[in-house]
Structure formats: structure tokens, C-alpha cells
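S.K.: Just dropping this structure here.
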2 protein chains.
Amino acid sequence: MSHMVYTCLMPLDRDHVLRRAAALLTRKSTATMDEVARSAGISRATLHRHFAGRDALVRALESLGIEECEAALDTARLDEGPASDAVRRLVREIEPAAGLLAFLYGENQLFEGEGQNEGWARLDARIAALFRRGQESGEFRIDLTPAWLTEALYGLVASGAWAVLDGRVATKDFQFMITELLLGGALRREEP
Amino acid sequence: MSHMVYTCLMPLDRDHVLRRAAALLTRKSTATMDEVARSAGISRATLHRHFAGRDALVRALESLGIEECEAALDTARLDEGPASDAVRRLVREIEPAAGLLAFLYGENQLFEGEGQNEGWARLDARIAALFRRGQESGEFRIDLTPAWLTEALYGLVASGAWAVLDGRVATKDFQFMITELLLGGALRREEP
DNA sequence: ACCATATGAGACATTCGCGTCTCATGACGG
DNA sequence: CCGTCATGAGACGCGAATGTCTCATATGGT
């Protein structure tokens, strides 16, 4: 029997395939199942053995993205310390998943219909809660709703991921550009 | 003969079709040619008479989006007055095209390959010049590059359009949310 | 050495959207 | 009243991608 193969190699392989798929689909969202398979170094047949179909693959990517985001939120400890620092930690931790997130963000077909993953709602709630905490503590302005700030965070992360992918922004500037714009905006701060 | 039909009705019709196509494709970027036609109230045959194929349709939408953006930039008079006011005017003028822009922004296949419309480069240059002007006048901070601010503007406009489409943000708040976040950020301003 | 299993390669039918075609209809101008 | 032209409806073939299948191979454990 090969139960050890099941419990040790398989998940690694599946994860590897998912990550390559994410990387490819981020650049070319219309990539073929065959292209995805080649990109992961396996054959189309094997890809179909792991994922029932393209839909199942995208769903798996969605779950992976949600998992990574939730892990990032956990690591970022959103409810500790100043809210602005928590936002910085959040962006830093979420950066590795930015590409995948950008792909899923553009896959708007996921968000229509009733079958949408409730993980997004959980993420939205946690991030919005962070912004609300910052508002209640007086750190953040109250005339921008937490829902919009959450939306804007997603949008900026996706924009940043694409800009990095296209070479318009350096990878090392990713976190700085997003957090500084999101928190401080483009205007010069008055010297205190 | 019906030359008057050509010069009067046709352009209106074509424009109408393009706008309906933009509205539909913004929500469902994988919409069928048949769905686009139905959405515009015409048959698939007529749609194919106006646009050689799906690719031509998307290219026409791209040109329309660029035209509307350039018109918005013209109306906004980016080189007059304080740069922050110019940004506010820019967002206000660009709002009607936000949905179309969001669709094109997600159509990343347009930006790969050499056949990309040079109109985007013109728009990028004009918007980046605005941010640079703001930096040189001391209004904007200099640690966020004009290229990134331009990218972020696109991303926020797209995010805003989608948020409005999904009912997460009120239409009347669109301009305020974007300009305030882009210019001022989420942090509370110190009272001067 | 033997067997089980995952894999790769390839064939196959199916589905789906696209692009083109024809024909009938209706509107509009001469 | 008649001709022209755009349109709608529908049929048709094509190509691409998908999903399923079989078979040969290699790897790894017994």
C-alpha cells in the first residue's frame, strides 16, 4: 500500500500544482487546462485526476486564497496595538498571496450567484473590523466607511500585484506603496 | 439611398451598443456575443455586422474607454490650479467611464503583446504628469512615485466601480471615497 | 521478483461559442 | 408603388477546450 504517499507526497504535489496554476492564471486568466498542467510540470490527465475540472480548480484556488488570507490575518494580529501598525502588518503578511488574490479579484464570476464561498465574508468582516477599531480609537477618519476601506485594500493589493508583475513597481516597494497610500494618502502631511 | 441613416442613426446605434456591451461585460466579462447582442436589444447577426468579431468589439470598447478618459482629462484641466483640486476634478469627470474602465482594467490580455493601444501610454503620461506637478509644487509627498499613484488611481476607480455595482458603496459617494482616500488616506489629519 | 499505483501520452466524443451564410420581413426614401 | 437596405431569425461548419477513456511505463513497496 502507499498510504504514506497519499498523506505526504500528494498534498505537497497538489499544493505545488495550485501555486503554479495561481501564478499562471494571474498573468493569463484564460489559460488552458493544458497550459496549467504544463506550467505545473504534469500532464493534463493528471491535472484532471487531481481536480475534476476547470471549475473545481478555480474553486480550489479560491479556497487556497482564502486560507492564505486568513493565515495572514492571524499572523498580523489585527486586534493588537495601533490600528495603523496592524494595517502595515496585514499588508506585509498578505503580500505573498497578492498575485493569487489579484486573480481571484478579477474572477468576478465567483461572486455572482448563491454559491459564493462564505470565506470572503469572514475576511471582509475581520478587515472591516480593523478599520472600525481604528476609527473608534481616533486613529482613522470616520468619513470613509470600513466597507470602502476594505474594498480599497483589495483593489490596491491587486493593483500592486499587477504593477509588480508588469515591472512598473519594484517588488521591494510593494508593501510601502500600498500601506503609505492607504494610510497616508498622496497629500503631504503637515509637519506636526 | 440612406446616407442620412449612416451618418446620423448608425453612430448613435453603435454607441448605444458599445455602452450596453460595456455595462454587461463589466458585470460578466465572459458574456457571450449573443448575450451582448440581447443586452443591446439587437440580434447576434447585427452585432456581427457592426463589429467583425469579439476581438473587434473589445478593441472598440478599448478605444471608447480611451476616448472618454481623454475627454475627461481635457475637461478636468489637469494643469490648472492646485494639483489636489485637479485630482478631484479628474475623478469626478472620469466617473461616468468608471465601469468601462474597470472592465478594460481586468482585461489584462489587452496589455500583453505588442499590439496594445498607445492611448493608454498617453493617459498614463498625462496623469503621472499631474502627480509629478503636485510633487514639485510641494502639495504631494515625494516618496510615492507618480507611476504608482497613477496605477493606484486606476485600481481605486475600478474597485469603486465594482463596489457600486455590487451595492457595497452608494453611487453618490463614489467620487468622495476615491478622492479622499487617494489624497488624504485613512489616517486622521492632525488639526492644523 | 511481483504487484499496486500514479503518471504520461494520446485518442475520442462532446460541448460551446464563434463566424458566415441565406432568406424573409419591415422601414424608409424616391 | 417600388426598390433599397438594415435587421432578425435561423441554419451550418469550424475550431478550441473540455472531460473521459485506454494503454504503456516507471516507480516504490512487499
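The values are calculated or read from the model by the stated rules, or taken from the named source; none is laboratory data. Values in this document were obtained by computation on a predicted structure and should not be read as measured data. A quick note on method: Cβ atoms are made from the backbone with ideal geometry, for glycine too, and the neighbour counts reach across all protein chains shown.
S.K.: Can you find a residue that is away from chain A (no Cβ under 14 Å) and not in a helix (DSSP H, G or I) anywhere in segment B:96-112?
M.R.: Looking through segment B:96-112, none of the residues is away from chain A (no Cβ under 14 Å) and not in a helix (DSSP H, G or I).
S.K.: Same structure again: Anything in segment B:166-179 that is facing chain A (nearest Cβ under 9 Å), surrounded by fewer than 19 Cβ atoms within 10 Å (Cβ to Cβ) and assigned to a helix (DSSP H, G or I)? List them, or say none.
M.R.: Matches in segment B:166-179: B:Asp173, B:Phe176.
S.K.: Evaluate the following for A:Leu144: is it aliphatic (A, V, I, L, M), outside any helix (DSSP H, G or I) and buried (at least 18 other Cβ atoms within 10 Å of the Cβ)?
M.R.: yes
S.K.: For segment A:122-141, how many residues are outside any loop (DSSP other than H, G, I, E, B) and more than 16 Å from the chain's Cα centre (by Cα)?
M.R.: 9
Yes/no per residue for (1) charged (D, E, K, R); (2) part of a helix (DSSP H, G or I); (3) over 16 Å from the mean Cα position of the chain (by Cα):
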| site | (1), (2), (3) |
| --- | --- |
| A:His48 | no, yes, yes |
| A:Ser63 | no, yes, no |
| A:Glu67 | yes, yes, no |
| A:Trp120 | no, yes, no |
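S.K.: Another one. If you go through segment A:139-147 one residue at a time, do you hit one that is over 25 Å from B:Asp143 (Cα atoms), in the same structural domain as A:Leu78 (by TED's automatic domain parsing) and in contact with a Phe, Trp or Tyr (Cβ under 6 Å, 6 or more places away or on another chain)?
M.R.: Within segment A:139-147, one or more residues are over 25 Å from B:Asp143 (Cα atoms), in the same structural domain as A:Leu78 (by TED's automatic domain parsing) and in contact with a Phe, Trp or Tyr (Cβ under 6 Å, 6 or more places away or on another chain).
S.K.: Which residues, taken from segment A:69-83, are part of a helix (DSSP H, G or I), of a type in the set (Gly, Ala, Ser) and surrounded by fewer than 20 Cβ atoms within 10 Å (Cβ to Cβ)?
M.R.: The one that is part of a helix (DSSP H, G or I), of a type in the set (Gly, Ala, Ser) and surrounded by fewer than 20 Cβ atoms within 10 Å (Cβ to Cβ): A:Ala71.
S.K.: Let me ask another. With respect to A:Arg88, is the statement that it is surrounded by fewer than 18 Cβ atoms within 10 Å (Cβ to Cβ), closer than 22 Å to A:Thr150 by Cβ, more than 16 Å from DNA strand D (Cβ to nearest atom) and not acidic (Asp, Glu) true?
M.R.: No, not satisfied.
S.K.: For A:Glu136, all conditions in the list (1) modelled with pLDDT of 95 or more; (2) within 9 Å of chain B (Cβ to nearest Cβ) hold save one; what is the number of the exception?
M.R.: (2)
S.K.: Hey, another quick one. Looking only at segment A:147-164, decide whether some residue is over 23 Å from B:Arg168 (Cα atoms), facing chain B (nearest Cβ under 9 Å) and in a helix (DSSP H, G or I).
M.R.: Yes - at least one qualifying residue is present in segment A:147-164.
S.K.: Also, I was wondering about something else. Filtering segment B:40-79 down to residues that are closer than 17 Å to B:Thr26 by Cα and within 14 Å of DNA strand D (Cβ to nearest atom), which residue is farthest from the other protein chains (Cβ to nearest Cβ)?
M.R.: B:Ala40
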